[in-house]
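The values are calculated or read from the model by the stated rules, or taken from the named source; none is laboratory data. Nothing here was measured: the structure is a model prediction, and the numbers come from that model. Note: ideal-geometry Cβ built from the backbone for every residue, glycine included; neighbour counts use all protein chains shown.
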């Protein structure tokens, strides 16, 4: 559900969604915090499961500040600072052993010395309820104007969309 009042240029929600997952696969670090603002956000590494769209997973300690929060806000900035996302979702601990096996890797193992049976291990599942996505595919004329203090037109700046799903194949 795009908001034309805030869209820059002709935003293509499908392209923005596809780019989100590509960018997160390249740099899976997000700031995650309680939606009610009761805690500061903290950096967590997302585990992406291609079989579950609109869902992110994070290995956390059961005592982590976001482990018990059911409404979360997540912010993502791509490596090249050309893509931004703000995601709202519902969180819960899902310690399904099959899912833990599927997502487990050497980086996670470094944080949990007792491995998959670590009593403090929690697999935080965040089901994304809505998102705002921005891609700064600034045109050459827009970049020149920025360098010299000119006014950048919306059509020169990039794309923005509000979406209810981040699934690539689902209409916005």
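Quick notes
- Only one of 88, 167, 161 that is assigned to a strand (DSSP E or B), modelled with pLDDT under 95 and within 19 Å of the chain's Cα centre (by Cα): 161
- You will find that of 72, 30, the residue that is over 17 Å from residue 121 (Cα atoms), modelled with pLDDT of 95 or more, in a strand (DSSP E or B) and touching a helix residue (DSSP H, G or I) at 6+ places or on another chain (Cβ under 9 Å) is 30 and no other.
- The criterion of being surrounded by fewer than 17 Cβ atoms within 10 Å (Cβ to Cβ) and either over 22 Å from residue 29 (Cβ atoms) or at pLDDT below 90 (or both) does not hold for residue 145.
For every residue, the table says whether it meets (1) under 20 Å from residue 34 (Cα atoms); (2) without any contact (Cβ under 8 Å) to a residue 24 or more places away in the chain; (3) loosely packed, with under 15 Cβ neighbours inside 10 Å.
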{"position": "63", "(1), (2), (3)": "yes, no, yes"}
{"position": "67", "(1), (2), (3)": "yes, no, no"}
{"position": "71", "(1), (2), (3)": "yes, no, yes"}
{"position": "106", "(1), (2), (3)": "no, yes, yes"}
{"position": "115", "(1), (2), (3)": "no, yes, yes"}
{"position": "124", "(1), (2), (3)": "yes, no, no"}
{"position": "128", "(1), (2), (3)": "yes, no, no"}
{"position": "133", "(1), (2), (3)": "yes, no, no"}
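- The conditions of being in contact with a strand residue (DSSP E or B) (Cβ under 9 Å, 6 or more places away or on another chain), surrounded by 16 or more Cβ atoms within 10 Å (Cβ to Cβ) and at pLDDT 95 or above are met by residue 99.
- Note on region 105-132: residues that are in contact with a helix residue (DSSP H, G or I) (Cβ under 6 Å, 6 or more places away or on another chain) and part of a loop (DSSP other than H, G, I, E, B) amount to 0.
- Subset of region 33-61 [closer than 18 Å to residue 132 by Cβ, free of Cβ contacts under 8 Å to residues at least 40 places away in the same chain and either in contact with a strand residue (DSSP E or B) (Cβ under 6 Å, 6 or more places away or on another chain) or crowded, with 18+ Cβ neighbours inside 10 Å (or both)]: 41, 46
- Condition check for residue 101: under 13 Å from the mean Cα position of the chain (by Cα) and not in a loop (DSSP other than H, G, I, E, B): no
- Selection of region 33-66 for residues being more than 19 Å from residue 122 (Cα to Cα) and touching a helix residue (DSSP H, G or I) at 6+ places or on another chain (Cβ under 9 Å) yields 50, 51, 53.
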